[in-house]
Amino acid sequence: MPQTSAVLAEPSAGSDFAPLLRQVREQGLLERRRGWYAAGITVNLLALAAIGAAIVLLDGSWWTLLLAPPAAVFWARTAFVGHDSGHSQIAATRRGNRAIGLVHGNLLLGMSVGWWTDKHNRHHANPNHVDKDPDVGVGALVWTQRQAAERAGFARWLTRNQARLFIPMLLLEGIALKVSSIQDLRRQRPRERAVEGAMLALHYIGYCTLLLSCMTPAMAAAFAFAHHAFFGLHLGLAFAPNHKGMEMPDPDGERWGHLRRQVVTSRNVRGALLTDWFLGGLNYQIEHHLFPNLPRPHLRLAQPLVRHHCRAVGLPYTETGLIDSYGQALRHMHEVGAPLRAE
């Protein structure tokens with residue numbers, strides 16, 4: 001089972017990606033930023049500790065529910081750290097990145113780093129490929145009219161209305177991530193299963209102990225649901241703009257090279273530092289897909305190089321505002337369900 005996400009493969013000398021890689025490497029953008037990550041991780045852990053302390057101090061007051069949104073926001077920061085460690089952006093060694101991923105994924109979030117990394121590896125290798133990218137496979141939602149035509153029963157009704165149901169469904173994503181993590185333990189090798197399972201168990205024990213020792217069971221359930229709902233919504237809003245509605249390669253067509261495969265299937269989101277923080281750097285989706293082990297603070301620095309290179313080789317470089325990115329994704333989902341609504 002792979003434990004680190006797809007890292008940058010060396011292109012051939014004649015590749016249209018090779019000159020861009022050389023520029024990025026010469027500017028030192030592939031170098032680690034351990035100090036930047038150490039500071040960010042420390043601030044995030046202190047914020048989570050402060051929220052935990054506030055839950056204890058409020059001692060069962062219904063005001064505690066107001067802490068669910070900030071707790072979700074800093075859980076999302078935790079997920080972004082886990083994402084970056086899975087791409088080997090943080091530590092110099094595979095073991096170090098895996099340790100960071102286990103702490104931030106399994107222990108703090110109750111989300112299996114092994115499950116996420118395996119799934120994310122396949123996405124990065126073939127983004128928006130219906131046969132190879134699990135993110136556009138058939139699930140609660142579908143992404144092509146061919147997938148939609150095969151739906152039946154309740155799933156067919158869901159596909160008809162998937163654009164309008166997308167945001168409400170994100171409220172369940174935080175719970176779905178945990179369910180998928182537990183289910184994936186069966187796939188893992190015994191040693192990995194033991195480590196990941198133990199860390200997940202510690203998460204559940206700690207989370208339930210904190211809530212039930214400070215709240216009534218009803219209040220604890222309400223807080224947990226609100227916390228996971230806001231968390232799922234936040235993550236969904238961070239990932240939705242990246243590929244939905246972008247070009248999808250023909251499974252039977254010509255195989256694209258790395259540059260084209262990653263650029264034309266990805267969409268960047270314009271914005272300043274607040275956008276970078278809210279989306280965890282995923283707003284630089286093109287740069288991230290071209291250089292998956294590029295440290296997050298270097299994505300903004302690599303952007304001008306990538307944009308110029310795409311223009312030079314004649315590739316479209318798609319960039320839009322945050323609200324428009326959601327509109328494009330929702331319109332794509334609406335169009336996928338259009339034939340079913342016409343029945």
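The values are calculated or read from the model by the stated rules, or taken from the named source; none is laboratory data. What you see is a predicted model; the values in this text were computed from it and never measured. We place every Cβ from the backbone using ideal geometry, glycine too, and count neighbours over all the protein chains shown. The accessibility values were calculated without ligands, DNA or RNA, using every heavy atom of the protein model including side chains. Shrake-Rupley method; radii C 1.70, N 1.55, O 1.52, S 1.80 Å.
Key figures
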quantity: For THR320, distant residues with modelled amide H under 5 Å away; calculated: ASN268, VAL269, ARG270
quantity: Test item: Cα-centred dipole of segment 144-228, Lys/Arg +1 and Asp/Glu -1 on Cβ, debye; calculated: 400
quantity: The chain: calculated mean residue ellipticity at 222 nm from DSSP helix runs of at least 4, using -39500 (n - 2.57); calculated: -19000 deg cm²/dmol
quantity: Cross-link reach list, aspartates and glutamates versus LYS132, counting only Cα pairs under 14 Å and skipping chain neighbours closer than eight places; calculated: ASP118, ASP250, ASP252
quantity: Burial order of peptide ranges 22-33, 174-185, 101-112 (average beta-carbon count within 10 Å, highest first); calculated: 101-112, 174-185, 22-33
quantity: Sequence of SER325, SER213 from largest to smallest accessible area, 1.4 Å probe; calculated: SER213, SER325
quantity: Surface per residue (accessible, 1.4 Å probe) for the chain, Å²; calculated: 46
quantity: Alpha carbon centroid spacing (whole Å) that separates segment 295-343 from segment 159-192; calculated: 24
quantity: Contour excess over end-to-end distance, with Cα ends at GLU343 and ALA218 and 0.36 nm allotted per residue; calculated: 40.6 nm
quantity: Partners for LYS178 among lysines (Cα-Cα distance below 17 Å; same-chain residues under 8 apart left out); calculated: LYS119
quantity: Rounded percent of accessible protein surface that carbon and sulfur make up, the chain, 1.4 Å probe; calculated: 64
quantity: Structure-derived P(r) over Cα pairs in 10 Å bins from 0, in percent: which label, when the choices are [x] 5, 22, 30, 20, 7, 4, 5, 4, 2, 1, 0; [y] 5, 23, 33, 26, 11, 2, 0; [z] 4, 15, 18, 18, 15, 12, 9, 5, 2, 0, 0, 0; calculated: [y]
quantity: Percent RCO, i.e. relative contact order, over the chain, from Cα pairs under 8 Å lying at least 6 residues apart; calculated: 26
quantity: Accessible-area order (highest first, 1.4 angstrom probe) of the listed residues ARG187, ARG307; calculated: ARG187, ARG307
quantity: Probe 1.4 Å - accessible area at THR209, Å² to nearest ten; calculated: 80
quantity: Rg over Rh, two decimals, segment 213-336 (C-alpha only, Kirkwood Rh); calculated: 1.10
quantity: Two-site label geometry, TRP277 and LEU185: point separation in nm, points 7 Å out along Cα→Cβ; calculated: 3.7
quantity: Helix runs (DSSP H) in the chain reaching 15 Å along axis by Cα, Kyte-Doolittle at least 0.0; calculated: 34-58, 68-86, 173-184, 190-214, 217-239, 299-313
